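These notes are about the structure you will find just below.
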Amino acid sequence: MGVYVVSVDAEEWFGEGEDGWGDVASALNAELGRRGLPAYDSVPEETEFVRGSGQAFEEKLIPSMDGFDALCRARLSREETETVCGWTVMVPPSLDEGIWLPVESAYTESTMVAGAPQVLVIAEKLAAAVDLPAEVPMMCDNLDLTTWFRDGAAKELAAVRPGAWSDDLDTASYVALHLRAAQHSIRRGCPIVYS
């Protein structure tokens with residue numbers, strides 16, 4: 001068990017019931033329409049799992065987020081911190097501000113939807129602040145980031161190339177998670193959710 005950050009395909013996004021996000025999809029499209037923005041309807045279908053293909057995103061939240069929260073408070077404005085830390089659902093369309101929906105999700109009584117382009121800009125700022133290395137996995141379809149940071153590869157790299165990123169690997173892992181999640185959402189055109 002635990003909390004995961006995962007990509008959602010069309011069947012899940014428009015689906016009803018316990019595993020579906022249809023209530024969020026409908027409420028989001030209604031709010032986008034109210035703001036004069038186009039509906040978000042072009043969600044990709046599920047594809048067959050192929051490790052390293054970049055067609056799916058799945059990472060587990062394991063370490064404490066205290067260091068990441070402190071980094072955000074030190075480096076970001078309050079609005080930026082709310083955008084990068086406060087979303088429940090991230091979608092590929094650009095949103096000038098987070099959209100609060102009166103729809104309950106797995107962990108909250110309401111749902112905050114953030115635009116992946118806005119999250120990406122902030123995550124890139126954090127990645128630059130910690131000098132995140134290029135070796136951090138790009139395609140994160142099956143706990144690749146979680147494994148890289150937890151199972152030794154990050155520690156091995158830190159031993160030969162230490163830097164700000166290696167001062168707190170838990171913080172670096174959350175910077176990488178937000179960066180790669182936003183990149184995936186934009187590249188695949190899919191929502192990313194906490195599950």
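General remarks:
- Yes/no for Glu104 being of a type outside the set (A, V, I, L, M) and under 15 Å from Trp21 (Cα atoms): yes
- Residue count for region 103-149, restricted to those that are of a type in the set (A, V, I, L, M) and over 29 Å from Leu28 (Cβ atoms): 6.
- Region 1-82 holds helices (runs of 4 or more DSSP H) entirely within its bounds, and those carrying 3 or more residues that are in contact with a strand residue (DSSP E or B) (Cβ under 8 Å, 6 or more places away or on another chain) and open to solvent by less than 60 Å² (accessible area, probe 1.4 Å) map to 22-34.
- Residue pairs whose Cβ atoms lie under 6 Å apart, separated by 6 or more positions or on different chains, with the first residue in region 94-123 and under 23 Å from Ala176 (Cβ atoms) and the second in a helix (DSSP H, G or I) and open to solvent by 50 Å² or more (accessible area, probe 1.4 Å), are Ala116/Ile186.
- In this structure, Cys190 does not qualify as buried (at least 21 other Cβ atoms within 10 Å of the Cβ), modelled with pLDDT under 95 and in contact with a helix residue (DSSP H, G or I) (Cβ under 9 Å, 6 or more places away or on another chain).
- Test: residue in region 170-179 that is part of a helix (DSSP H, G or I), farther than 19 Å from Ser7 by Cα and open to solvent by 30 Å² or more (accessible area, probe 1.4 Å): yes
- Pairs meeting the criteria (first residue in region 15-39 and under 25 Å from Tyr107 (Cα atoms), second residue in a helix (DSSP H, G or I) and among the β-branched types (Val, Ile, Thr), beta carbons under 6 Å, at least 6 apart or on different chains) are lacking.
The values are calculated or read from the model by the stated rules, or taken from the named source; none is laboratory data. Keep in mind the model is a prediction, meaning the values are calculated, not measured. Heads up, the Cβs are rebuilt from the backbone with ideal geometry, glycines too, and the neighbour counts pull from every protein chain shown. Side chains are part of the model used for accessible areas, which takes the heavy atoms of the whole protein and leaves out ligands, DNA and RNA. Shrake-Rupley method; radii C 1.70, N 1.55, O 1.52, S 1.80 Å.
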